[in-house]
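The block underneath contains the structure these notes are about, expressed in structure tokens.
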Amino acid sequence: MSDKDLMMESITWAAEKEPVITRRFYEILFERYPQVAPLFSRNARVDQARMLQDAILAALDHFDDAPWLTSTLGAIGRKHIEYGVTDEMYPWVGESLVATLAELSGPRWTPAHEAAWIRTWGALAGLALAGAAAARANP
């Protein structure tokens, strides 16, 4: 199976258990890294959870579209600077996302699923970080 297939499979499994998988993601993220919680408005957490889930699904839909990914994720990285997101937070998000998907997928989750998500998150986060770096260099 390709990374994209493995990732879509695990998203489907996770969504069977929790339709808005990112709600559980934020619980895990805030439990592991409570210092990021102040970056999120309590009233907007449900909206933020849906936006994040939509962004993940859009990235998977455009998995093979490097220009779209570069442009879109670069813009996200630039925008996240305004919210106070730092470079060190991107691995925290990836770790929490993988933990969420593993938990919600249950016994069907395999090392191949985990490896696919880790590889892909690293690439996606790298594009967002490049956007953030460009924004810092040219404010």
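Values computed for the structure shown
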| read-out | value |
| --- | --- |
| Among (1) more than 18 Å from residue 101 (Cα to Cα); (2) touching a helix residue (DSSP H, G or I) at 6+ places or on another chain (Cβ under 8 Å); (3) without any contact (Cβ under 8 Å) to a residue 12 or more places away in the chain - the single one residue 30 does not satisfy | (1) |
| Qualifying residue in region 87-103 (condition: within 15 Å of residue 121 (Cβ to Cβ), of a type in the set (Asp, Glu) and either free of Cβ contacts under 8 Å to residues at least 24 places away in the same chain or in a helix (DSSP H, G or I) (or both)) | yes |
| Test for residue 23: is it surrounded by 15 or more Cβ atoms within 10 Å (Cβ to Cβ) and part of a helix (DSSP H, G or I) | yes |
| Residue satisfying all of: in region 1-16; over 16 Å from the mean Cα position of the chain (by Cα) and among the hydrophobic types (A, V, I, L, M, F, W, C); farthest from residue 65 (Cα to Cα) among these | 13 |
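Residues are listed down the side, and each one gets a yes or a no for (1) modelled with pLDDT of 85 or more; (2) within 15 Å of the chain's Cα centre (by Cα); (3) closer than 15 Å to residue 97 by Cβ:
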{"site": "18", "(1), (2), (3)": "no, no, yes"}
{"site": "25", "(1), (2), (3)": "yes, yes, yes"}
{"site": "37", "(1), (2), (3)": "yes, no, no"}
{"site": "51", "(1), (2), (3)": "no, yes, yes"}
{"site": "62", "(1), (2), (3)": "yes, yes, no"}
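The values are calculated or read from the model by the stated rules, or taken from the named source; none is laboratory data. Everything quoted here is computed from the prediction, not taken from an experiment. When we count neighbours, we look across all protein chains shown, and the Cβ atoms used for this are built from the backbone with ideal geometry, even at glycine.
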